[in-house]
1. For region 1-120, what is the relative contact order in percent, using Cα pairs closer than 8 Å and at least 6 residues apart in sequence?
2. Please compute the net charge surrounding Tyr115, taking Lys and Arg as +1 and Asp and Glu as -1 over other residues with Cβ under 12 Å from its Cβ.
3. Need one number: nm distance between label points at Ser25 and Ser46, each 7 Å from Cα along Cα→Cβ, rounded to one decimal.
4. Please report, as a whole percent, how much of the solvent-accessible surface of the chain comes from carbon and sulfur atoms (probe radius 1.4 Å).
5. Tell me the per residue accessible area of the chain using a 1.4 Å probe; a whole number in Å² is fine.
6. Between Gln1 and Glu89, how many nm apart are label points set 7 Å from Cα along the C-beta direction?
7. Grab the Cα-Cα distance for Gln82 and Gln120, subtract it from 0.36 nm times how many residues apart they are, and report the gain in nm with one decimal.
8. Counting only C-alpha contacts under 8 Å and six or more residues apart, can you give the relative contact order of region 54-101 as a whole percent?
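The values are calculated or read from the model by the stated rules, or taken from the named source; none is laboratory data. Note that the structure is a prediction, hence the values are computed from the model and not measured. When we count neighbours, we look across all protein chains shown, and the Cβ atoms used for this are built from the backbone with ideal geometry, even at glycine. Side chains included, ligands, DNA and RNA excluded: accessible areas come from the protein's heavy atoms. Shrake-Rupley method; radii C 1.70, N 1.55, O 1.52, S 1.80 Å.
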Amino acid sequence: QVQLVESGGGLVQAGGSLRLSCAVSGRSFSTYTMAWFRQAPGKERSFIAAIKRTGGSTYYSDSVKGRFTVSRDNARNQVYLQMNSLKPEDTAVYYCAARAKSDSSNYWYTSAGAYEFWGQGTQVTVSS
């Protein structure tokens, strides 16, 4: 059983930065595609960013491209989301997700249903 635990959320002013972390249990972390999703108040869960097992291949939603950076440390079983230039519309619960299935290396999954394992989420609130 794989467990994911997010941390690093909190309250930040518009224009500020936060760094989220996701700790993943188990010995197979380096084989997972990892992703970040968020769910804003009254809205559906949406894709933010993903990173493949190599660590060098990343993909971002247009809403965060240029502001957010996803990275991973396979030696530590950790995934990170560096969030800069935060806006009030970034306010949401942020979720870490893992996809263990092996897929084509040039395909990016942006649907929540494609990810088998999920964290409980961490709240990010951006004030104006």
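1. Normalised by residue count, the contact order of region 1-120 is 33 percent.
2. In short, +1.
3. 3.2
4. Details: 2920 of 6670 Å².
Here it works out to 44 percent.
5. Numbers: 6670 Å² over 128 residues.
For the chain, the solvent-accessible area averages 52 Å² per residue.
6. 4.0
7. Additional length available on full extension: 11.8 nm.
8. Reported relative contact order: 26 percent.
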